Amino acid sequence: MVAHDSRLWDACPCPDHAAVVVAVINLIEGVLLLLLASIGVFIFAIRRHYAIREVRDQYGIPEGELLYTDLDHPAEVLFSEKYRISGRPDYILRDEMTGDHIPVEVKSGRAKKPYWNHILQVAAYCLLVEEHYHTRVPYGVLVYGDGEQHRIDFTEDLRRQVLSTVDAMRECCAGTPVRRNHNASVRCRNCAYSDECRYCLGDM
Ligand code: SF4
């Protein structure tokens, strides 16, 4: 608070002078505080923008508003009540032109063309994003370690295939005790089911 010299308004003939001066000083203090808060918010927004840009450049993420990220810190697991599946895409972007929600999966390995299990993984994320954001997802994106990006169209055919794969896995798990049949952590790293698999090897 600002200290006021009472002699100044003791000499003033106006009876409300002191109250007016105090009100003006309080107003100036309020404006200064508001200004400081705005500068803080602005700096936070700039830093966040550059942090996102850095991660985007590092992983070769396509352009679009970033709605969700699981790469620089663990994100909420998306769960589908309808299909009883769950997972965490690496990113969810909103296409700035169309407003579409686009799941993005980043793979550290290289590939000349997308692996089928990776395509199914992206398709499963499309289902999760549709239910979570109550929207239709037209496609997802696979990004490989060399920065190569592949658009995976979420067609009706792919939707059917991922749902039948989920059903087949469920039937398989219900009928037979399941266990891992290998000790190769590299297979788990590239596996579409590593998020959910309790036998997964390594730090996923
Ligand atoms: S994560 Fe699970 S299902 Fe995938 S390869 Fe590893 S053990 Fe097999």
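The values are calculated or read from the model by the stated rules, or taken from the named source; none is laboratory data. None of these values were measured; they are calculated from a predicted model. We place every Cβ from the backbone using ideal geometry, glycine too, and count neighbours over all the protein chains shown.
From the list Asp5, Asp16, Asp95, Asp72, which one is charged (D, E, K, R), modelled with pLDDT under 90 and closer than 29 Å to Ser185 by Cα?
Asp72
If I filter the range 106-123 for residues that are in contact with a Cys (Cβ under 9 Å, 6 or more places away or on another chain) and either more than 16 Å from the ligand (Cβ to nearest atom) or free of Cβ contacts under 8 Å to residues at least 24 places away in the same chain (or both), do I get at least one hit?
Taking every residue of the range 106-123 in turn, none turns out to be in contact with a Cys (Cβ under 9 Å, 6 or more places away or on another chain) and either more than 16 Å from the ligand (Cβ to nearest atom) or free of Cβ contacts under 8 Å to residues at least 24 places away in the same chain (or both).
This table checks each residue for (1) part of a loop (DSSP other than H, G, I, E, B); (2) within 14 Å of the ligand (Cβ to nearest atom); (3) loosely packed, with under 11 Cβ neighbours inside 10 Å.
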| position | (1), (2), (3) |
| --- | --- |
| Arg151 | no, no, no |
| Val166 | no, yes, no |
| Arg180 | yes, yes, no |
| Cys191 | yes, yes, no |
| Ser194 | yes, yes, no |
